[in-house]
Amino acid sequence: MTAPIRSMPELIAGLRESVHERGVAFQTVDAIAGLPDRYTSKVLGPTPVKNIGPISLEGILGATGKALVLVDDPEQMKRVKGRWTPRKRPLKAPLLAVALSIDNLDAQIRERMRMLGSMGGKKGGSKGGKRRAKLMSHAARMRWSKEKRS
């Protein structure tokens, strides 16, 4: 199948056609993909009774030897391009997706966590320990302050 897929029904029809191209039964796809018995027939049957999810999609793609490739759709781009508004700020790299070298990984992670903690709010700084210590009962404080005996 080389037709563009623009909706979930088209994706299901394409996957169903892929299984038929291979000449295998849905049960075989289940076995190869590691899905429960009769699961493929529930998501790819003529009237699907289950929705395809990330695990079943990955399994069925693998079992049929297919892959998804995202490409620009010129027709759809022409329809919506005028509605795209440019971003006011550039995209930021994810906070933890920093170039980390293997040699110094622990130190770099600690430094990154320290920086997150200093940002305040819920970005990584912990307020719970200080509050818990303030509310701790006298008996608990005495219990925690004792040195461990061997």
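At 7 Å along the Cα-to-beta-carbon direction for both A25 and K66, put a label point, then send me their distance in nm to one decimal.
Output for this residue pair reads 2.1 nm.
Take the alpha carbon gyration tensor of segment 8-64, find the square roots of its eigenvalues, order them as a ≥ b ≥ c, and report rounded if a/c is under 1.5; if not, report prolate when a/b exceeds b/c, else oblate.
Verdict is rounded for segment 8-64.
Bear in mind these aren't lab numbers, they're just calculated from the coordinates by the rules spelled out. Just so it is clear, the model here is predicted, and its values are computed rather than measured. Heads up, the Cβs are rebuilt from the backbone with ideal geometry, glycines too, and the neighbour counts pull from every protein chain shown.
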